[in-house]
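The values are calculated or read from the model by the stated rules, or taken from the named source; none is laboratory data. It should be emphasised that the depicted structure is a prediction, and the values quoted were computed from it without experimental measurement. All Cβ positions, even for glycine, are placed from backbone atoms using ideal geometry, and neighbour counts span all protein chains on display.
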Amino acid sequence: MSTKTKGAATAPGHVVTLAGEDYALIPSIQAVRGLNTAFGGLAPALEAVRALNYDSLARIVAVGAQARLKNREVEALGEALWALPAAERGEVLGTVADYLVVLLNGGRPVEPGDDGGNGDEPDDETDGAAASGERAAP
């Protein structure tokens, strides 16, 4: 079994196996640009994963692994994904979704408990009351 990737570092755990090949998904600006071209942005790519669109999933894997695949080879990845047992397919879907979240986070892993906020959200009930215009109890 070989790994199809251009040889750059990958975030831990973002490797999918399809048709006997490992594809290491590389969080990079090149991947973001490729997905922007293919889907019109990261949000539509994530929606395609949520919709279980096998052809889109195959395209995300090819772009993320920086694998130079012909259209027929990408189609074959979609077919290989469809042929997987449900549990294995679910693992691939989860890995691809996690990878897209890393891209949405600027290529950085998302830390447990990181809600992606900008730090302006209220921390407790007092701050929440002030933010909503209500008076906090003394």
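Checking Gly107 against (1) in contact (Cβ under 8 Å) with a residue 40 or more places away in the chain; (2) part of a helix (DSSP H, G or I); (3) in contact with a helix residue (DSSP H, G or I) (Cβ under 9 Å, 6 or more places away or on another chain): exactly one of these is not met. Which one?
For Gly107, the failing item is (2).
Residue-wise test of (1) assigned to a strand (DSSP E or B); (2) out of contact with any helix residue (DSSP H, G or I) (no Cβ under 6 Å at 6 or more places or on another chain); (3) within 25 Å of Glu111 (Cβ to Cβ).
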{"residue": "Asp22", "(1), (2), (3)": "yes, yes, no"}
{"residue": "Ala31", "(1), (2), (3)": "no, no, yes"}
{"residue": "Gln66", "(1), (2), (3)": "no, yes, no"}
{"residue": "Gly90", "(1), (2), (3)": "no, yes, yes"}
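Among the residues of region 54-61, is there at least one that is among the polar types (S, T, N, Q) and at pLDDT below 95?
No, because not a single residue in region 54-61 is among the polar types (S, T, N, Q) and at pLDDT below 95.
With (1) within 13 Å of His14 (Cβ to Cβ); (2) buried (at least 18 other Cβ atoms within 10 Å of the Cβ) as the list, and Leu77 as the residue in question, which single condition is left unmet?
(1)
With respect to Ala87, determine if the residue is loosely packed, with under 14 Cβ neighbours inside 10 Å, at pLDDT below 95 and of a type outside the set (S, T, N, Q).
For Ala87, the condition - loosely packed, with under 14 Cβ neighbours inside 10 Å, at pLDDT below 95 and of a type outside the set (S, T, N, Q) - is met.
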